[in-house]
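The values are calculated or read from the model by the stated rules, or taken from the named source; none is laboratory data. Because the structure is predicted, anything quoted here is derived from the model rather than measured. As a convention, Cβ positions derive from the backbone with ideal geometry for all residues, glycine included, and neighbour counts pool all protein chains shown.
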Amino acid sequence: MNIKDIMESNRDAWNQALIYHQRARNNSLQIGFANHEFTTLDRDCDNVLIEKIIKMNISGKTISQMPCNNGRELLSLMRFGAKEAMGFDISDIAIEEAKQLAKISGLNVKFERVNILEIDNKFNEYFDFIYISEGSLQWFPNLNDYFSIVSRLLKANGEILIFEMHPFAYFFENGFSSDNQNLEKMISYFNKGPFNYKNGIDYVGGVEYEANECYWFMHKMSDIINAILQNDIRILEFNEYNLEMANNESIKHLEKFPLSYILTGKK
Ligand SMILES: C[S@@+](CC[C@H](N)C(=O)[O-])C[C@H]1O[C@@H](n2cnc3c(N)ncnc32)[C@H](O)[C@@H]1O
């Protein structure tokens, strides 16, 4: 299967998932973003993120998130004083909702439906700060391709902040069951995939459904670091946490392992 077909399948799968997410959220974001104090960065794990955002100071900056899903995180980041923001995502339904939320919030944030790997050259060296959050990197088979886009869109001295699930968390998600801890059934940390979420991706409502075909890839920590460095981004800080990010009951109690990380870098 070629990469374009993989991306289009994932687009369909995410459009399907968004219907479940919207059902579970029941307009809470639409009601929330009408209030200027509203934020979705209110999970336990977000404290470490907020500390870093304040330290990096995005006040007055042009910021982006890629992929941004329905824009809730990017809209929440605007509370830290950014001048303008642009979110990119492949899902039609996510971007439709993001535009609606931006309108409700009155914030200076725009959204575009696009495959990240095909973002237009008009955004070259456009952003001071790019945010990459949990569940983002796994959709790109080749991280060098992904970070070459991130680097192209960053201004000189522009910064990135990645707050992602740790490769260990993906590893445990992939074939591990806390009820049946069978090492034989686990998929190797070194197996890139692709893998498929057969029961869907409703990490909001937790509903299982017959999912459209989607493809995701496991990336080792070394793959992530090398792809960043090979695209002219210097690593400023790298911290690992035992904070679980995806509300996944089966790995929540694995706090002896790194489950998330923050990496900051500068072009
Ligand atoms: C888990 S979300 C990550 C954003 C955010 N942390 C969240 O949880 O909503 C994954 C997003 O990646 C998007 N996506 C997957 N492949 C993409 C691609 N090639 N280009 C742009 N967006 C993509 C999906 O549409 C989805 O909104």
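Keeping to region 220-267, report how many residues are modelled with pLDDT of 95 or more and in contact with a Cys (Cβ under 8 Å, 6 or more places away or on another chain).
2
If I ask for residues that are of a type in the set (A, V, I, L, M, F, W, C), surrounded by 14 or more Cβ atoms within 10 Å (Cβ to Cβ) and part of a loop (DSSP other than H, G, I, E, B), which ones from region 166-206 would you list? Before you say what the answer is, go through the steps one by one.
Start the filter on region 166-206 by keeping residues that are of a type in the set (A, V, I, L, M, F, W, C), which leaves 168-169, 171-172, 176, 183, 186-187, 190, 195, 201, 204.
If we keep only those that are surrounded by 14 or more Cβ atoms within 10 Å (Cβ to Cβ) as well, we get 168-169, 171-172, 176, 186-187, 195, 201, 204.
176, 186, 187, 201, 204, listed by residue number.
Can you report the number of residues in region 119-131 which are crowded, with 21+ Cβ neighbours inside 10 Å and either within 9 Å of the ligand (Cβ to nearest atom) or of a type in the set (Phe, Trp, Tyr) (or both)?
3
Among the numbered criteria (1) exposed (fewer than 15 other Cβ atoms within 10 Å of the Cβ); (2) within 16 Å of the ligand (Cβ to nearest atom), which one does residue 161 miss?
Condition (1) is where residue 161 drops out.
Listed here are the residues, each with its yes/no results for (1) within 25 Å of residue 41 (Cα to Cα); (2) free of Cβ contacts under 8 Å to residues at least 60 places away in the same chain; (3) of a type in the set (Ser, Thr, Tyr).
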position	(1), (2), (3)
162	yes, no, no
176	no, no, no
184	no, yes, no
190	no, yes, no
233	no, no, no
239	yes, no, no
242	yes, yes, no
247	yes, yes, no
259	yes, no, no
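Does region 70-79 contain at least one residue that is touching an Asp or Glu at 6+ places or on another chain (Cβ under 6 Å) and either outside any loop (DSSP other than H, G, I, E, B) or not polar (S, T, N, Q) (or both)? Let's see the steps before the verdict.
Step one: of region 70-79, the residues touching an Asp or Glu at 6+ places or on another chain (Cβ under 6 Å) are 70.
Still in the running and either outside any loop (DSSP other than H, G, I, E, B) or not polar (S, T, N, Q) (or both): none.
No; the residues of region 70-79 include none that is touching an Asp or Glu at 6+ places or on another chain (Cβ under 6 Å) and either outside any loop (DSSP other than H, G, I, E, B) or not polar (S, T, N, Q) (or both).
Across region 70-81, what is the total count of residues that are crowded, with 23+ Cβ neighbours inside 10 Å and either more than 11 Å from the ligand (Cβ to nearest atom) or within 24 Å of residue 3 (Cβ to Cβ) (or both)?
Qualifying residue count, region 70-81: 2.
Kindly evaluate residue 59 against the criterion of being of a type in the set (Ser, Thr, Tyr), in contact with a helix residue (DSSP H, G or I) (Cβ under 6 Å, 6 or more places away or on another chain) and away from the ligand (no atom under 12 Å from the Cβ). If you could, list the steps in order and put the result at the bottom.
Details: of a type in the set (Ser, Thr, Tyr): yes; in contact with a helix residue (DSSP H, G or I) (Cβ under 6 Å, 6 or more places away or on another chain): no; away from the ligand (no atom under 12 Å from the Cβ): yes.
So residue 59 fails the test.
Six or more apart or on different chains, Cβ under 7 Å: which pairs go from a residue in region 70-88 that's under 19 Å from residue 134 (Cβ atoms) to one that's near the ligand (Cβ under 9 Å from one of its atoms) and outside any loop (DSSP other than H, G, I, E, B)? Could you list them?
Cβ pairs passing all conditions: 70/94; 73/65; 73/133; 74/65; 87/65; 88/116.
Where residues in region 97-118 are near the ligand (Cβ under 9 Å from one of its atoms) and touching a residue at least 40 places away in the same chain (Cβ under 8 Å), which of them is nearest to residue 59 (Cα to Cα)? Please lay out each step first, then the result.
Step one: list which residues in region 97-118 are near the ligand (Cβ under 9 Å from one of its atoms), which gives 113-118.
Next cut, touching a residue at least 40 places away in the same chain (Cβ under 8 Å) only: 115-117.
Numbers: 115: 28, 116: 25, 117: 28 Å.
Checking each candidate, the answer is 116.
Mind checking whether some residue in region 46-62 is assigned to a loop (DSSP other than H, G, I, E, B), buried (at least 16 other Cβ atoms within 10 Å of the Cβ) and in contact (Cβ under 8 Å) with a residue 12 or more places away in the chain?
Taking region 46-62 first, the residues assigned to a loop (DSSP other than H, G, I, E, B) are 57-61.
Now restrict to residues that are buried (at least 16 other Cβ atoms within 10 Å of the Cβ): 58, 61.
Checking the rest, the ones that are also in contact (Cβ under 8 Å) with a residue 12 or more places away in the chain come to 58, 61.
Scanning region 46-62, I find at least one residue that is assigned to a loop (DSSP other than H, G, I, E, B), buried (at least 16 other Cβ atoms within 10 Å of the Cβ) and in contact (Cβ under 8 Å) with a residue 12 or more places away in the chain, so the answer is yes.
So, in region 1-54, how many residues would count as being among the β-branched types (Val, Ile, Thr) and within 12 Å of the ligand (Cβ to nearest atom)?
Taking region 1-54 and keeping what is among the β-branched types (Val, Ile, Thr), we get 3, 6, 19, 31, 39-40, 48, 50, 53-54.
So of that shortlist, the ones also within 12 Å of the ligand (Cβ to nearest atom) come out as 3, 6, 40.
Here the count works out to 3.
Could you figure out which of (1) in contact with a Phe, Trp or Tyr (Cβ under 9 Å, 6 or more places away or on another chain); (2) under 25 Å from residue 154 (Cβ atoms) isn't true of residue 250?
(2)
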